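Before any comments, here is the structure.
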Amino acid sequence: MLAGTLLVLALGSSQEAPLPAAPAEEFVRAVRVEAEQSERLLPFVGLVPGRPLDREAVRRAVELMFGTGRFEGVDVELERREGEAGVEVVFRPLPAPLLHAVRIEGDRVVSAGSAARTARLRAGEPLWPSRLERAARDIGLALARRGHLEALVEPEVARVPGGADAVFRIRAGPRVRVGRAVLEGAGAVTALRLDAHIRPRRGEVFRREKAEAAREKMRRLLAGAGHWRAAVELRETYDPGPGIMDLVFRVAPGPQMSLEARGAELPGKLLSGVRDLVREGGATSDSLEAGGERIEAHLRAQGYREVLVRATAEARAAAEVVVYDLRPGPRAAVGAVELRDADPLLLAGLRTQAGRPLVDAAVEEDARTLVARLEERGHFEARVETEVPDGGGSLPVAFLARPGPRAVVKGVEIQGPPLPPSGDDRGPEELALRPGLPFRLRDVARSRDTLLGAWRRAGYLDARVRPEVAFSEARDEARVSLVVEPGPRTIVEHVVLSGLGRTQAAVVEREMVLRPGEPFSFERLLESQRRLSGLGIFERVSITELDPGQERRRDVVVGVQEAPRTAWSWGVGYSEQDRLRGSVELTRRNLGGLGRTASVFARGSFRGSRFLLNLREPWLFGRKLDSFATAFWEAEKRTSFDYDRKGVIVQAGRTLDPRTSFILRYLYQDTNVFNVEVPIDEIDRQYRTYGVSGPSASVVFDTRDDPLEPKRGLFLGADLQLSLHALGGARYLRGFFQSTSVRRLRADIVFVLSARLGLASTFGGEGALLPLPERFFAGGDYGPRGFPVDGVGPKVEGASGGLYPTGGNALLLGGAEVRYNLTRAFQVASFLDAGNVYPETRDLALSELRWSAGLGLRYRTPIGPIRVDWGYVLDRQPGESRSRFHLSIGHAF
């Protein structure tokens, strides 16, 4: 057997040794990979036995193997056998030095565990030279922060069976302490006692971050005392012999400063804000300019169209005053608003309104809004000009509309090849352009983007879509052609996994939307990254192209950094009910390397305890079923009763398509209330003795554009729950169905319709009504508004003489709401609610619906609108309040 010269791709090497010269007719007889799990590396080899030896394919295979991060080099050998034609290509990957342990040698001023945490080293991580140098630098910086300014950390890799140790040789040097710490130049500000803030003090370990923090604190104290241009300089003098650092804080207070405005009256809040801005900025020219811009914006919003603001500094005695000289000019207000040559209804909701201050920027913005509204009606060449007199006083504002022709879409045609399947679950999106609708350039652009996105998802990265519009002679009809030029298709050739330690490759592969042989697109790349990050087992996920320059085939490298497997937290608190209480939670991620997560939570106090065990499995039975199992137990001694509760929840969910989700669950819960010392009616319904056990299923169909603040779309939900005595619960069947339709009437108005229906029944000899906690209740924040919480429906008189809601087996709720945007943050609404709760399903009657109407105010936040509603009862009964306020987060439906 004859062996050819080795090809080695070593870490950090930019050159490769060439393959041995081979006859032109030499072909590949066989391919062999000598490594653990070689079956995962063989797909990277593009050499085919019986075909000529391809040097580029060899180079590509080496590059892909190296991309896994598991090898520091790859040896390639050509083996020939006497009497046999061709060569056998042998790949021998050299295992990378994977971290086994961290060792400290030399000065042991830091433990191995602390060094690993400081450098963020993880077991199984490859110890590449750059990574090791970075770890040593992090450890050195940490030692410097602890006073070892001369610390020297030398890293080294020590091979051990099964991996490598990261060895750090440390020469710590002396631990530097503060010799002298003094304050200079503070004679004029002795009252501030800046010397009390010197840190670190004499004899303490020198920590530079503490000295810098002390310097900044002194500067802020000076600025707060009126010395806005104060500066504090920190000077360090180091004597390496004894390891002493002398600190001098040199203070330059600067003059006392203040701020005032002349020429116009400004609100105190505005002036205070400008003063803070200038002070924090050190009274520099930039901060003075920023303050002037803030004042100018305020005055223009009040209608001062010719305002001038100039900042100057005036010396007064030993102080300096920043003076904003204001020349606001005449104030203008909107006398009347006119829209010429267009529908006056288009003026609704504009910022420019009669009686308001005249703001030129608002007028220009309103002109653009009018153009958009005209285009919305099909005037594709619309223009709007403004006509506003100069000067001040009550001025008319005229918008001069040039609507141009109005066209309707007559036909839409897609020219080009048919769109091939993209390989994902998304169906083709509907184009915004449809025959019969007004012709809008916006819809042309959206349709082009929709079609372009579909082609790019299918792998045509250079696809182009060119819209062509043909108008009728009267320009009242438009035929739109979308001409598709797909270009070449790009396919994923290989997916290389890097950084996996405990995690099995199948966990990453099953979440990937980018798969070998399927189309490559950046949208699919981002979706793959999102799904991998959502597993919660990786600290970092990156997906990159190995060679972005390739046109038709791409190799993708998926790099991950595994999160710590174990996390725990604890807490101690106090509450009036529990007194002193403590809790602990332990989470174990990535069980078995399969992405599973288990957590245990326990809380205990003098009055009760709670235990919770949760298991999460993202894939069940080999399918994408996000499932979890939860077991819980709690017991508590309350003022007037005691209770204990135990239960199990098992749930699996699946997304059928981007709009539809299906959830299947099993619930067992048993609640036992005892030692009751008050009438049972006075105890909240969730603390009643009862049991439920059985399966349930939910289906959700959601096309809303935003779940928190929808502008359009439809929401449909159905939930069915069965409880059986044979499984340990009461006997009943319960269903709840809801529907919400959201429609945008105008850019600033949304109309919402909602209906909710609940039906339930017992069977098998149970009483007529469900257990109290499982019945339907209505009234309050989520409808009908105007009634107290649970105040709609049947009631009974309790032992104390008060009326208590009993709920029922049937629920019917409906509502309509109009939402109008006042500003970007605030929204007003008017609503009409109807609904009732019925003891049994046979009692359900539309004639017994309760009605309310009202007004509401919403303030938008990132977690949903903060909602204040005032509801007025339209059919008040004796003993009921006429109206009620409600405060909550989120829309009522």
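The values are calculated or read from the model by the stated rules, or taken from the named source; none is laboratory data. Everything quoted here is computed from the prediction, not taken from an experiment. Here the Cβ is made from the backbone with ideal geometry for all residues, glycine too, and neighbour counts use every protein chain on show. Quick note on the areas: whole protein, heavy atoms, side chains included, nothing else; ligands and nucleic acids left out. Shrake-Rupley method; radii C 1.70, N 1.55, O 1.52, S 1.80 Å.
Counting only residues that are more than 30 Å from Leu591 (Cβ to Cβ) and not in a loop (DSSP other than H, G, I, E, B), the stretch 517-552 holds 4 of them.
Residue by residue, here is whether (1) under 20 Å from Gly604 (Cβ atoms); (2) over 31 Å from the mean Cα position of the chain (by Cα); (3) of a type in the set (A, V, I, L, M, F, W, C) holds:
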position	(1), (2), (3)
Thr639	yes, yes, no
Tyr643	yes, yes, no
Val648	no, no, yes
Ser661	no, no, no
Arg665	no, no, no
Val678	no, yes, yes
Arg685	no, yes, no
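In the stretch 848-893, of all residues being without any contact (Cβ under 8 Å) to a residue 60 or more places away in the chain, assigned to a loop (DSSP other than H, G, I, E, B) and under 26 Å from the mean Cα position of the chain (by Cα), the one that is surrounded by the most Cβ atoms within 10 Å (Cβ to Cβ) corresponds to Thr861.
Among residues that are among the polar types (S, T, N, Q), assigned to a helix (DSSP H, G or I) and open to solvent by 30 Å² or more (accessible area, probe 1.4 Å), Ser272 is included.
Residue pairs whose Cβ atoms lie under 6 Å apart, separated by 6 or more positions or on different chains, with the first residue in the stretch 749-768 and touching a residue at least 12 places away in the same chain (Cβ under 8 Å) and within 23 Å of Gln827 (Cα to Cα) and the second part of a strand (DSSP E or B) and open to solvent by 60 Å² or more (accessible area, probe 1.4 Å), are Ile749/Tyr820; Val750/Arg744; Phe751/Arg743; Phe751/Leu745. Within the stretch 242-269, the only residue that satisfies the criterion of being loosely packed, with under 15 Cβ neighbours inside 10 Å and within 30 Å of Glu150 (Cα to Cα) is Pro242. Among the residues making up the stretch 275-289, those that are surrounded by 15 or more Cβ atoms within 10 Å (Cβ to Cβ) and not basic (Lys, Arg) are Leu277, Val278, Gly281, Gly282, Ala283, Ser287, Leu288.
Only one of the numbered conditions (1) in contact with a Ser or Thr (Cβ under 6 Å, 6 or more places away or on another chain); (2) open to solvent by 40 Å² or more (accessible area, probe 1.4 Å) is violated by Ala506, and that is (1).
Could you please give the count of residues in the stretch 676-713 that are of a type in the set (A, V, I, L, M) and modelled with pLDDT under 95? Total satisfying the criteria: 5. When the stretch 673-705 is filtered for residues that are acidic (Asp, Glu) and open to solvent by 60 Å² or more (accessible area, probe 1.4 Å), the ones remaining, listed by number, are Glu677, Glu682, Asp684, Asp705.
Go through (1) modelled with pLDDT of 90 or more; (2) open to solvent by 20 Å² or more (accessible area, probe 1.4 Å) for Gly536 and report which single condition fails. Among (1) modelled with pLDDT of 90 or more; (2) open to solvent by 20 Å² or more (accessible area, probe 1.4 Å), the lone unmet condition for Gly536 is (1). Scanning the stretch 114-170 for residues that are open to solvent by 70 Å² or more (accessible area, probe 1.4 Å), over 37 Å from the mean Cα position of the chain (by Cα) and over 27 Å from Tyr238 (Cα atoms) yields Glu156, Arg159, Pro161, Gly162. Filtered by the rule that a residue be part of a loop (DSSP other than H, G, I, E, B), open to solvent by 80 Å² or more (accessible area, probe 1.4 Å) and in contact (Cβ under 8 Å) with a residue 40 or more places away in the chain, the stretch 200-241 gives a lone residue, Arg229. Among the candidates Leu612, Leu586, Leu580, the residue that is within 26 Å of Asp670 (Cα to Cα) and open to solvent by 70 Å² or more (accessible area, probe 1.4 Å) is uniquely Leu586. Note on the stretch 122-167: residues that are in a strand (DSSP E or B) and touching a helix residue (DSSP H, G or I) at 6+ places or on another chain (Cβ under 6 Å) amount to 2. The requirement of being modelled with pLDDT of 95 or more and under 21 Å from Asp681 (Cβ atoms) is fulfilled nowhere in the stretch 823-831; no residue meets it. Return yes or no: is Arg588 modelled with pLDDT of 90 or more, touching a strand residue (DSSP E or B) at 6+ places or on another chain (Cβ under 7 Å) and basic (Lys, Arg)? Here the answer is yes, as Arg588 does meet what is asked. Please state which one of Glu429, Glu387 is surrounded by fewer than 20 Cβ atoms within 10 Å (Cβ to Cβ), charged (D, E, K, R) and closer than 30 Å to Gly329 by Cβ. That would be Glu387, the only listed residue that is surrounded by fewer than 20 Cβ atoms within 10 Å (Cβ to Cβ), charged (D, E, K, R) and closer than 30 Å to Gly329 by Cβ. Inspection of the stretch 331-341 finds a residue satisfying the criterion of being within 30 Å of Val274 (Cβ to Cβ) and either basic (Lys, Arg) or at pLDDT below 95 (or both).
What is the residue count in the stretch 296-327 for residues that are farther than 18 Å from Val388 by Cβ and either assigned to a strand (DSSP E or B) or in contact with a helix residue (DSSP H, G or I) (Cβ under 6 Å, 6 or more places away or on another chain) (or both)?
Residues meeting the conditions: 19.
The set of residues in the stretch 539-577 being surrounded by fewer than 18 Cβ atoms within 10 Å (Cβ to Cβ), within 30 Å of Arg117 (Cβ to Cβ) and of a type in the set (D, E, K, R) consists of Glu539, Arg540, Arg565. When the residues of the stretch 328-347 are filtered to those that are in a loop (DSSP other than H, G, I, E, B) and over 13 Å from Phe399 (Cα atoms), which remaining residue is most open to solvent (accessible area, probe 1.4 Å)? Once the filter is applied, the top-ranked residue is Pro330. Annotation note: of Leu441, Leu419, Leu451, the sole residue that is modelled with pLDDT of 90 or more and surrounded by 14 or more Cβ atoms within 10 Å (Cβ to Cβ) is Leu451.
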